[in-house]
Amino acid sequence: MKHTGKSLSHHVRWLLAAAVALLMVMWGLVYHTLNQSAHERLQEAQTTTRLQAQAYAKNARSTIKRLDELLLDLRANWHEDGSRFAKTVQARQAHTSDIAFQIGVINAEGYLAFSSPSPAAGRADLRDREYFRVHKGTIQAQDRLFISRPIKGRTTARWSIQFTRPIWKAGVFAGVIVALITPDTLSHVHANFHANLHLSNEGLSGMVRDTGEVMAYYPKADEMLGKSLTWLDTRLTDSNAGDFVRVTPPGGVERVFGYHKLPEYQTICFVAESLEHAMQPHRQYRTTVLLSAGAVSMVLLVFSLLLYRKLTTREQAHQHLAKIEERQPVPRTAAKPGGKPVAVTRRNRASSAISPVQHPTQHPQHPQHPQHPLPASVAKPVPDDVAKTVATVATVAKAVDIEQVHHLLREILPRLEQKRFSAIPRFQTLQKLLAGSEHAQAMDEAGELLLEMRFGQVLERVRHIMQTAGWDTTDTKEGTS
């Protein structure tokens, strides 16, 4: 035999090992690819929110700068003349219609000296206000804009944010000028900007003081105004811009934050997007990759299973034939010209076999068996290796039991057509019956093909031998039992 059971078992083990290794490599690549995709998508979301926060800060800086320039202009026009200053304020309000504001002036003692809503208002005591205490006692070199935390009015119960600068007279502190705006003004500007960010329903944006108090927020600005975002303040101590991921209210949603500081105004602008929404493209990509990898794995498993079954079937056939040969060893013999039998092997069979067809004058006692030529439509060209063997089959009828040959052929041919393993032991019996004859070599070659499960080629070779020998094939297609 060319292939032993041991070699086939080795092939089966190699097949299983190769399939497992290929699956491990493929899924390892899938794992690496998905991890890289998730990392890249997260980085993209962080970069996006950071750039959006930077754009928001630029927009907020523009609004704050306009209010600061307004304060500087009005401070230069304050000469403690309330009626004249009121006209100046009205003129500035007309030119700044997109930002609603009110102007107030506090004198050096902390009392209200002017109020644009009611210029004749009484002297309210504002010494306890944060924005007054910040500026009082400073020197002119420390002149800067101060933005207060949102304050709820004592009488109006309305929220307001004060933008203030100190007033100097001959280098001495002379009071505070205040531009008061409602958080709605900032929220309106902020809401317009927020709409252009195209965030999801879980997205957030806002502006807070560097101490954490909310100045503008979207959505639900009314609920968040004036509250301190301690969770945000603890994350913004490292640099003027950055990003981070954190679970935050409302809803306890994990979000990707980008922030940008305005140190000159002590404010921070931030934009946040839901991590789930930000990672949605990655999840879609992950689904596609997993489905594709699963389909490839299934095809590979099915292919490996089919190949495994084919190899194990061949191994079982080899083992079955090996058991038959061990139980029924039959030596092959041939007759010498002198009449003594001699063992025929694959090495000497060609030289020891005597062909009466090739040397008809040497065997007159064995006349030729009558031939039955096939019709031209049935005859097929015979391969060279078969032609050399079938050229001498005419005398087989005298050397073997034709009835036994026909009986075996009736059982073998249908089984070969159906590719059934039950043809193998019967073929072995026929092979042993023809051992020592001119058909032995052809039968051995057909047997080698049968071990490789080439049923069609074996069937073709057997029929060539039958046709050349002139055996009757009309009764060899009976059913198997």
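Nothing in this text is a laboratory measurement; each read-out follows from the coordinates by a stated rule. Keep in mind it's a predicted model, so treat the numbers as computed, not measured. Every residue, glycine as well, gets a Cβ built from its backbone with ideal geometry; the counts of neighbours run over all protein chains shown.
Calculate, for VAL247 and ALA100, the FRET efficiency according to 1/(1 + (r/R0)^6) with r their C-beta to C-beta distance and R0 51 Å; round to the nearest 0.05. FRET efficiency, VAL247 to ALA100: 0.90.
Backbone geometry of segment 126-142 corresponds, through the Karplus equation with coefficients 6.51, -1.76 and 1.60 at θ = phi - 60°, to 3J(HN,Hα) couplings of 10, 5, 8, 5, 4, 5, 6, 5, 5, 8, 5, x, 8, 9, 4, 5, 9 Hz, x marking Gly and Pro.
Each residue of segment 157-174 was assigned a 3J(HN,Hα) from its phi angle through the Karplus expression (A = 6.51, B = -1.76, C = 1.60, θ = phi - 60°), giving 6, 10, 7, 8, 10, 9, 9, 10, 9, x, 9, 10, 9, 6, x, 10, 4, 10 Hz with x at Gly and Pro. Listed by chain and number, the aspartates and glutamates whose C-alpha is less than 17 Å from the C-alpha of LYS432, apart from same-chain residues fewer than 8 away, are GLU325, GLU326, ASP401, GLU403, GLU411, ASP444, GLU445, GLU448.
Please grab the % of Cα pairs in segment 1-314 that end up more than 34 Å from each other. Provide the component values of the computation, followed by the final result.
Numbers: 22516 of 49141 pairs.
Roughly 46 percent, rounded to a whole number.
Separation of segment 194-225 and segment 26-70, taken as the distance between their Cα centroids, equals 16 angstrom.
Close amide H pairs (under 5 Å, H built 1.01 Å from N) link ARG255 with ARG246, VAL247, THR248, LEU275, residues at least 5 positions away or on another chain.
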